[in-house]
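Read through the structure below, which is laid out as structure tokens, and then see the notes.
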Amino acid sequence: MAAEVAEVADLGRRLSEAVRSVIEGKEDVVERALTVFLAGGHLLLEDVPGVGKTTLAKALARAVDARMRRIQFTPDLLPSDITGISVFDSQTHRFEFRPGAVFANIVVCDEINRASPKTQSAVLEAMEEAQVTVDGHTYPLADPFLVIATQNPLEMEGTYPLPEAQRDRFMARISVGYPHPTAELAMLDTHGAHDPLDDLVPVTDSAQVVAAQETIRRVYAAQPLKQYVVDLVAATRSSSGLRLGASPRASLHLLRAARARAALTGRDYVLPDDVRSLAVPVLEHRVLLSGESRLARVGIDEVLRDVLATVPVPGR
């Protein structure tokens with residue numbers, strides 16, 4: 001197991017170096033994105049326009065030698081454009097299925113909240129069950145199958161809020177944020193002459209990603225640590241600052257992400273710090289603030305940090 005975990009850590013290092021050659025000054029964002037990526041979860045990147053959400057998503061996808069498709073979500077995008085459609089063949093007198101853009105290993109859903117709710121829901125089955133059902137027929141998707149979606153804040157014009165059921169299918173939500181002035185200055189040099197994405201070459205393939213995901217699933221998590229994950233998620237359901245707590249799926253995703261973080265640091269066991277460092281990005285998009293919190297202008301991250309402070313840490 002130790003040798004397999006070492007391979008995962010080496011894979012994470014190579015992926016991190018490849019992505020950071022494109023994204024300037026965002027090491028923590030890249031590390032969290034890779035953690036979700038290798039944990040086999042879907043990733044939601046949310047921030048204002050122009051901070052590099054799409055660039056980060058495309059860099060992650062291009063670093064893997066696998067089939068990648070990008071879908072630009074617009075108000076006139078149809079569900080069949082994503083899932084596929086059955087077309088009648090006049091020669092064979094039969095309906096022939098033509099796969100949509102979701103049939104790939106890595107699907108980049110750019111500005112996902114600019115499409116209508118009907119189109120947004122077209123990826124629900126694919127994200128949860130890695131399959132697509134069209135006209136009563138079910139078609140399996142490739143392995144691995146990962147969705148990296150970007151979205152703008154709801155305050156921006158022309159956006160539709162993602163439904164709770166779809167937000168819950170994303171393992172984590174990450175905000176890219178503005179770069180440090182030094183990194184922004186370096187970006188003017190690296191991005192001014194050409195696009196660094198053109199120089200990015202794959203450092204792994206889909207088979208290695210699948211093997212890494214299998215190794216991560218076997219990273220040891222002690223029973224008290226699992227109880228800690230359950231207690232954290234349960235505390236969000238009883239918090240006075242929230243009117244909707246996290247779902248049981250959040251417990252599964254939080255533990256999977258913690259296992260991935262442990263493997264990426266070269267450990268074959270999970271520590272409470274792995275859970276605590278990922279609790280906010282894994283939980284914040286699944287919960288809803290109470291009316292009192294909104295009136296007091298309290299953010300979701302503040303409420304979740306209060307929850308983290310109240311739940312006892314095992315071993316301390």
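The values are calculated or read from the model by the stated rules, or taken from the named source; none is laboratory data. Note that the structure is a prediction, hence the values are computed from the model and not measured. Counting neighbours? That spans all protein chains shown, and the Cβs are built from the backbone with ideal geometry, glycine included.
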(request) State all residues of the stretch 108-132 that are closer than 13 Å to Gly84 by Cβ and either among the small types (Gly, Ala, Ser) or in contact (Cβ under 8 Å) with a residue 24 or more places away in the chain (or both); if no residue qualifies, say none. (result) Ala122, Val123, Ala126, Val132
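Tell me yes or no: at least one residue of the stretch 88-97 is within 12 Å of Thr133 (Cα to Cα), surrounded by 18 or more Cβ atoms within 10 Å (Cβ to Cβ) and not small (Gly, Ala, Ser).
Our first condition is that a residue be within 12 Å of Thr133 (Cα to Cα); within the stretch 88-97, this holds for 97.
With surrounded by 18 or more Cβ atoms within 10 Å (Cβ to Cβ) added as a condition, the list becomes none.
The answer is no, given that none of the residues of the stretch 88-97 is within 12 Å of Thr133 (Cα to Cα), surrounded by 18 or more Cβ atoms within 10 Å (Cβ to Cβ) and not small (Gly, Ala, Ser).
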(request) For Glu4, state whether it is more than 17 Å from Asn105 (Cα to Cα), of a type outside the set (S, T, N, Q), surrounded by fewer than 18 Cβ atoms within 10 Å (Cβ to Cβ) and free of Cβ contacts under 8 Å to residues at least 24 places away in the same chain. (result) no
(message) Which residue is surrounded by the most Cβ atoms within 10 Å (Cβ to Cβ), if the candidates are limited to the stretch 13-62 and must be more than 25 Å from Ala126 (Cα to Cα) and of a type in the set (Lys, Arg)?
(response) Lys26
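Looking for something touching a Ser or Thr at 6+ places or on another chain (Cβ under 8 Å) and among the polar types (S, T, N, Q) - is there at least one such residue anywhere in the stretch 100-118? Spell out how you get there, then give the answer.
Kept after step one, since they are touching a Ser or Thr at 6+ places or on another chain (Cβ under 8 Å), are these residues of the stretch 100-118: 100, 102, 105, 108-115.
Cutting the leftovers down to among the polar types (S, T, N, Q) gives us 105, 113.
Yes, the stretch 100-118 contains a residue that is touching a Ser or Thr at 6+ places or on another chain (Cβ under 8 Å) and among the polar types (S, T, N, Q).
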(message) Here are the criteria: (1) assigned to a helix (DSSP H, G or I); (2) crowded, with 22+ Cβ neighbours inside 10 Å; (3) of a type outside the set (Ser, Thr, Tyr). Tell me which single one Asp10 does not satisfy.
(response) (2)
(message) Quick check on my filter: what residues within the stretch 249-307 are of a type in the set (Lys, Arg) and either in contact (Cβ under 8 Å) with a residue 60 or more places away in the chain or buried (at least 18 other Cβ atoms within 10 Å of the Cβ) (or both)?
(response) Arg249, Arg256, Arg259, Arg261, Arg267, Arg286
(message) Between Ser90, Ser80, which is modelled with pLDDT under 85 and more than 30 Å from Leu188 (Cα to Cα)?
(response) Ser90
(request) With the checklist (1) under 22 Å from Thr55 (Cβ atoms); (2) at pLDDT 85 or above; (3) in contact with a Pro (Cβ under 7 Å, 6 or more places away or on another chain) in hand, flag the one item Asn152 doesn't pass. (result) (2)
(request) Any chance you could count how many residues in the stretch 173-189 are among the acidic types (Asp, Glu) and either within 19 Å of Val48 (Cα to Cα) or in contact (Cβ under 8 Å) with a residue 12 or more places away in the chain (or both)? (result) 1
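Can you tell me how many residues within the stretch 28-56 are in a helix (DSSP H, G or I), among the hydrophobic types (A, V, I, L, M, F, W, C) and more than 19 Å from Gln213 (Cβ to Cβ)? Give the derivation first.
Step one: of the stretch 28-56, the residues in a helix (DSSP H, G or I) are 28-38, 53-56.
Narrowing the set further to residues that are among the hydrophobic types (A, V, I, L, M, F, W, C) leaves 29-30, 33-34, 36-38, 56.
Still in the list and also more than 19 Å from Gln213 (Cβ to Cβ): 29, 56.
Residues that pass the stated criteria total 2.
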(request) Hey, could you check the stretch 99-139 for residues that are over 21 Å from the mean Cα position of the chain (by Cα) and farther than 14 Å from Pro79 by Cβ and say which is surrounded by the fewest Cβ atoms within 10 Å (Cβ to Cβ)? (result) Gly136
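Give, as residue ranges, the strands (runs of 3 or more DSSP E) completely inside the stretch 93-196 that count at least 3 residues that are of a type in the set (A, V, I, L, M). Even if it seems obvious, please write down each step before you answer.
Working: elements: 94-99, 106-110, 131-134, 137-140, 146-151, 170-174.
Of the strands (runs of 3 or more DSSP E) lying wholly inside the stretch 93-196, those with at least 3 residues that are of a type in the set (A, V, I, L, M) span 106-110, 146-151, 170-174.
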